[in-house]
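What follows is a short report on a single structure.
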Amino acid sequence: MAKLQRNNEEVQHYFDELRDQFWGDVNQHTKNSLKRFLDSWSERERDQFIGLRRYERYERNDSQRSDYRNGYYERDWVTKFGTVRLRIARTRGKNFLPKGLSKFQRRADEVGLLIREAFLRGISTRQVGRVVSLITEETVSPQTVSRLTRELDEMVKEFHQAPLEDDIRYLYLDGVSLRMRGPNKRKRVHMLVAYGVRADGSRRLLAFLRSRGESEADWRGLLEDMYRRGLEGKNLAMIVTDGCPGLAAAIQTVFPRAKHQRCWVHKMRNILQKVKKREYHEVKRNAQAIYRADGIREARLAFREFRLRWSKQYPAMVKQLEKDLPELLSFMSFPKPLWRKLRTTNVIERCFVEVRRRTRPMVCFVNVGSVDRILYSIFNRFNLDWENRSLRAFTQAA
């Protein structure tokens, strides 16, 4: 049995080596073919410029001669097949780069794209260089990675200025906090994010705004920006938030006609925060009975039972819950299949999970521009993935 297992391992090792050798040979042949093609292109361009083919000569008294051949110079061109050393033909007054190569460009466009994508996938600038060098045979410095990612700035600007269609039915608003390196110490920067769902269940991350906190002025800045870009709220039925007071005040200013739903997940955290350990599970079960009720009437009955049971032990908590109850039960005025999606901000929190996963290897951001670039890239990828995918609950309700 041991001998059979050893033979199987040897066979597997043989096939692994054969596969690696095959793809290595293919890669090398492709690189050599690319070099020959570009070298001959450069030489052909020179021959056409001076009007002579290879080994042809001008007549001694020809006055039409414009320039003279002046040999070649070499330059490295980094491609996804590896680094290619090109022979660039030249005359005394001109160089003849193959079409597609610019004067100071050292890398193919797809290599720059590879570097940016590796960085935006959450790999640190130092590690990106090591990963790319395995493919291109060129070491890429962290400074080069940072410079290439700065090319995203124009895309970020276009995202912030793109017009919005006024077809959003449900709007989710929440914020995420990220670490940034300051002049003296690390600090946190808040990103306010808007996530929209149309009546047919299609969704899109609409906007994000860097801010110092989550005050009314900060949130009003984001909402007014979306309003100016076209989201006037004529079809907006509900806005779901985490319960931030400043956000609630901003909503009343910009979108006063939309219903406001406070997130039950955030509310449950507030309820359970100061509950004694021995009563934790009972309080939780009683509070869950409120939003799991079959309708508004049953939910209010569940709250009365909750108040009767816990008003003596936790009077402040019960009083605050009673005050927030209308906004906590707004979701029940919509079709029942939507209740689970409308009573929390979970749909946008899942996006934040991906943001934190991508940014965790980076430790902290060097400047605010890098924050915008990474957020844009993550949100843009979400939007592309969602183009042909809808939220089933909203589709069914429609």
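The residues of region 266-279 that are in contact with a helix residue (DSSP H, G or I) (Cβ under 7 Å, 6 or more places away or on another chain) and not in a loop (DSSP other than H, G, I, E, B), listed by number, are Lys267, Met268, Ile271, Leu272. As a summary of the residue check, Glu327 satisfies the conditions (1) of a type in the set (Asp, Glu); (2) in contact with a His (Cβ under 8 Å, 6 or more places away or on another chain); (3) in a loop (DSSP other than H, G, I, E, B) except for the one numbered (3). Could you go through region 311-328 and let me know if any residue there is of a type in the set (S, T, N, Q) and farther than 18 Å from Arg262 by Cβ. Checked against the condition, which is being of a type in the set (S, T, N, Q) and farther than 18 Å from Arg262 by Cβ, region 311-328 yields at least one hit.
Can you run down the residue pairs with Cβ atoms below 7 Å, 6 or more apart or on separate chains, where the first is in region 243-264 and part of a strand (DSSP E or B) and the partner is charged (D, E, K, R)? Correct list of pairs: His260/Glu327; Gln261/Glu327; Gln261/Arg343; Arg262/Asp324; Arg262/Glu327.
The number of residues in region 213-242 being crowded, with 19+ Cβ neighbours inside 10 Å, within 21 Å of Leu328 (Cβ to Cβ) and not hydroxyl-bearing (Ser, Thr, Tyr) comes to 7.
In the condition set (1) surrounded by fewer than 19 Cβ atoms within 10 Å (Cβ to Cβ); (2) in contact with a helix residue (DSSP H, G or I) (Cβ under 7 Å, 6 or more places away or on another chain), Glu282 is compliant with all but (2). Tell me, which residue of region 162-213 that is at pLDDT below 80 and in a strand (DSSP E or B) is nearest to Arg228 (Cα to Cα)? Among them, the one singled out is Val189.
Taking region 294-349 as the range and being closer than 20 Å to Arg269 by Cβ and among the β-branched types (Val, Ile, Thr) as the test, the residues that pass are Val318, Thr344, Thr345, Val347, Ile348.
Going by the conditions given, is Leu272 within 30 Å of Leu192 (Cα to Cα), of a type outside the set (D, E, K, R) and surrounded by 20 or more Cβ atoms within 10 Å (Cβ to Cβ)? When the stated conditions are applied, Leu272 does not pass them.
The values are calculated or read from the model by the stated rules, or taken from the named source; none is laboratory data. Keep in mind that this is a model prediction, so the values were computed, not measured. Because the Cβ atoms are built from the backbone with ideal geometry, glycine has one as well, and the counts that use them run over all protein chains shown.
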